[in-house]
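The values are calculated or read from the model by the stated rules, or taken from the named source; none is laboratory data. What you see is a predicted model; the values in this text were computed from it and never measured. Cβ: placed from backbone, ideal geometry, glycine included. Neighbour counts: every protein chain shown.
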Amino acid sequence: MIYQFEKGKAVEKDIQELEINVQKQYFGFVKYEECGAVIQKFALSPAPLETSLAGRFMAFETYDGFDFISLNILNLKDLFSKKYRVYIYVQKNLLLFIYKSEVIEKNLQEIMVLFKLISTSAWYDSRTWVT
C-alpha cells in the first residue's frame, strides 16, 4: 500500500497510476513479492534490499538520493523466538517499508492508522511529515 499525503490526509494510491511529485509526501508498506514496481516507480536501487535478504545482520546504508535500513524485529517477551525482518527505504519525501511476514504487516497497518490520525490532526504540516 502506498499513501500520498494530500491536503492533510493520507490517501491510498494505486502504484501503477501514481505520478510521483517531489513536493508531496509518501508512505508505504509492501510485501517483498510486490515491491519491484514500487522500487522502480520511486527510482530506488533494489541492490541493498537484495544484499540484505542474503544476510542476518542489521544495516544502515546511505546511497545517492536515499538511505536504506534493514532491521530485525525482536519479540521482547521472548528474545530467542523467531526474528522478523523489515527493510526501509528513506528519501526526502518517502518512507517505504518492505516485509515478508504477516506479523510485520499487521504492525505496519497499526502504524498506518496512527499516520492517518496524525495527518488529520492540527499537527500535520504539508511541508514536513509532522511538526
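Listed by position, the strands (runs of 3 or more DSSP E) enclosed by segment 1-76 that each have at least 1 residues that are over 15 Å from F97 (Cα atoms) and among the basic types (K, R) are 9-13. The condition of being loosely packed, with under 15 Cβ neighbours inside 10 Å and under 22 Å from V22 (Cβ atoms) holds for only one of A59, A37, that being A37. Just checking, does segment 114-131 include any residue being modelled with pLDDT under 75, of a type in the set (A, V, I, L, M) and exposed (fewer than 10 other Cβ atoms within 10 Å of the Cβ)? Yes; the residues of segment 114-131 include at least one that is modelled with pLDDT under 75, of a type in the set (A, V, I, L, M) and exposed (fewer than 10 other Cβ atoms within 10 Å of the Cβ).
Across segment 89-105, the qualifying residues are those that are surrounded by fewer than 17 Cβ atoms within 10 Å (Cβ to Cβ) and among the β-branched types (V, I, T), and the one among them that is nearest to F42 (Cα to Cα) is V90.
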